[in-house]
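Report on the structure given below.
The values are calculated or read from the model by the stated rules, or taken from the named source; none is laboratory data. Computed from a predicted structure; not experimentally measured. All Cβ positions, glycine included, derive from the backbone under ideal geometry; neighbour counts span all protein chains shown.
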Amino acid sequence: MDRDKMVILSSNGNYWQARYYDSAGKRRTKSLGSKKKLSKRQAKVKCNRLAAQLTLNPGIADTGRPIKLGNLLIRYLDSRTDLRKATLGLHRLTGEYLKEFFGAEIYINRITRAMGSNWRAAMATGKLSFDPKGEAMAEASVCIHVRNAKTIFNHAVRDDLILLNPFDRLKGTAAEPDKDWKYVSLEELDKLLDACPNVGWKMLIALCRLAGLRRGEALRLFWSDINWEKHHFTVIAEKTGRRRVVPIGPKLYQLLLDAFDKAEEGQERICHISQHGLWRNFQVYRERAGLEKWKDAFKVLRRNCETDWAQRYPQYAVSVWIGHDIQVSARHYLQVPAELYRKVALTNEVETGTKTGTNCMKAQEQKRRGFVSSEKNNS
């Protein structure tokens, strides 16, 4: 047998041990358990399992003793310099949920798939005391933390710290989202804009509804980002950090011109407003405009914009302007507006009416010919 793949059973006083060699030829020792609780036959079975693991993943021979969950989280979070601050915060929160359920001192190789399933269930039922509200977590939030846990432990598998990911079989995709969100027509948009107290608020709402910007993107948009001649502006995606170019329609273009004329000298941001209490203030202006309340105020305006664009332009272009993949558009954003149903119904009425009229004329003609023919035969 190849020496590098051998796992030999030995003992050290009252404990069984497995001995093997790492890739550098250094002898390693792994404790299998007490002789009081483990027979020689059982210890041999553990040796065989370890040998199989080394055959499938030789890298674990170099890792030595697995690290604890708390140390893994520190190591992982320190290494993710590529993540945005908000995303890193979500991963850190996932780590808190993991430590709350498993404990920071548990060795990561002792976390099984069954334990992972129990962790997911604890989040879904609000049984984690780390949650200040103590309420059942929404399914979408549970899926976010499951995906984060998969990513964290995938890094451990990649670094040969563990053989398999105990969270790899957990459901991390939420059910199809509800698309029954409020459609804000252009007439309702005008009412909402008239209810705004200043130009900054008008531009925030207009940029979300007519250009599909995220709220943070609209608040960080500068006058220097606009190309007035080509009727488009450049925006940096809030989530991905990628640059994209967004077209400016006629209505938005006129609103931008009016806002630019009223802007104070030296004002760089288009939406020159305070970023505190945005949700509360929006509800005040919505009520002032006489519009019904809807959830996710600014997200809904963004979805409205994509729905309008999707009826006029190719979807691949619309997805680029909005700043996400076509799959995301189909799953979360696009809604079939009532106007399309009315258009189809009107088309059916016209076509049905024409066909009905034609069929009636043909039937009458056939009836007349049959009547004339019967008269000739009788005569």
Subject >> Condition broken by Ala206, with the remaining ones in (1) hydrophobic (A, V, I, L, M, F, W, C); (2) in contact with a Leu (Cβ under 6 Å, 6 or more places away or on another chain); (3) at pLDDT below 95 satisfied >> reply: (3)
Original post:
Can you name the residue in the range 33-64 that is aliphatic (A, V, I, L, M) and closer than 20 Å to Leu164 by Cβ and is also modelled with the highest pLDDT among such residues?
Top reply: Val45
Original post:
Which one is surrounded by the most Cβ atoms within 10 Å (Cβ to Cβ), of the residues in the range 76-107 that are farther than 19 Å from Cys143 by Cα and of a type in the set (Ser, Thr, Tyr)?
Top reply: Tyr76
Original post:
Can you tell which of Lys68, Lys30, Lys85 is more than 33 Å from the chain's Cα centre (by Cα) and charged (D, E, K, R)?
Top reply: Lys30
**OP:** Kindly list, by first and then second residue, each pair from a residue in the range 310-330 that is hydroxyl-bearing (Ser, Thr, Tyr) to a residue that is at pLDDT 85 or above and surrounded by 15 or more Cβ atoms within 10 Å (Cβ to Cβ), limited to pairs with Cβ atoms under 8 Å and residues at least 6 apart or on different chains.
**Re:** Ser329/Glu306; Ser329/Ala310; Ser329/Val318; Ser329/Ser319; Ser329/Ile322
Subject >> Considering residues of the range 79-109 that are free of Cβ contacts under 8 Å to residues at least 24 places away in the same chain and of a type in the set (D, E, K, R) only, the residue farthest from Phe153 (Cα to Cα) >> reply: Lys85
Original post:
With Gly290, Gly277 as the choices, which residue is small (Gly, Ala, Ser), closer than 18 Å to Met203 by Cβ and either in contact with a Leu (Cβ under 7 Å, 6 or more places away or on another chain) or at pLDDT 85 or above (or both)?
Top reply: Gly277
Original post:
Of the residues Val235, Val245, which is farther than 15 Å from Ile270 by Cα, at pLDDT below 95 and in contact with a helix residue (DSSP H, G or I) (Cβ under 9 Å, 6 or more places away or on another chain)?
Top reply: Val245
